[in-house]
Amino acid sequence: MNDYILSVLLGIVEGLTEFLPVSSTAHLRLTEALLHVDLTSPYWKMYTVVIQLGAILALVVLFTSRIMEFFRTFPEGERAASSMTRRNGHLPRFWGNQHHDSIEEIYHATSSSSHLNRSPGCGLSV
């Protein structure tokens, strides 16, 4: 069989089986055996590696935005990062932890002069 036709057939098998929950490598090897490809040949061994590398790189290109979003929100996750942004007004969490005492002093200074008293867990009370 012509190497070009064989490459097209193996590419189709690799593309169709890449998303199955079973090994695409096994499908590729079985197809190579059924088409009487010399599995001991260094050329076809390298071909199998390269065609799978192409499939993996295609997935990286396809899911680039999701991968970048994962790294942007790691380790909290997308939901925690967006709620943290809303809650803290874009201030990094470590800033609040480092300046906790200063924030407490400001809070107590303003709350004692204010007519509002904040009760923990009860919301605002007059």
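Derivation of every value follows stated rules applied to the coordinates shown; laboratory data play no part. Everything numeric here is computed off the predicted structure, so don't read it as measured data. Cβ atoms come from the backbone with ideal geometry, glycine included; neighbour counts cover every protein chain shown.
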> Ranked by Cβ crowding within 10 angstrom, fewest neighbours first, how are Thr25, Thr17, Thr40 ordered?
Replying inline: Thr40, Thr25, Thr17
> Val50 versus His36, label points 7 Å from Cα toward the beta carbon: distance in nm?
Replying inline: 2.4
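Find out how many positive minus negative residues lie around Ala26, taking Lys and Arg as positive, Asp and Glu as negative, among other residues whose Cβ is under 14 Å from that of Ala26.
Overall, the nearby charge balance is -2.
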> Most exposed first by the Cβ proxy, i.e. fewest other Cβ within 10 Å, how do Leu30, Leu6, Leu53 rank?
Replying inline: Leu53, Leu30, Leu6
> What is the spread of the Cα atoms of region 3-62 along each of their three principal axes, largest first, in whole Å?
Replying inline: 32, 20, 19
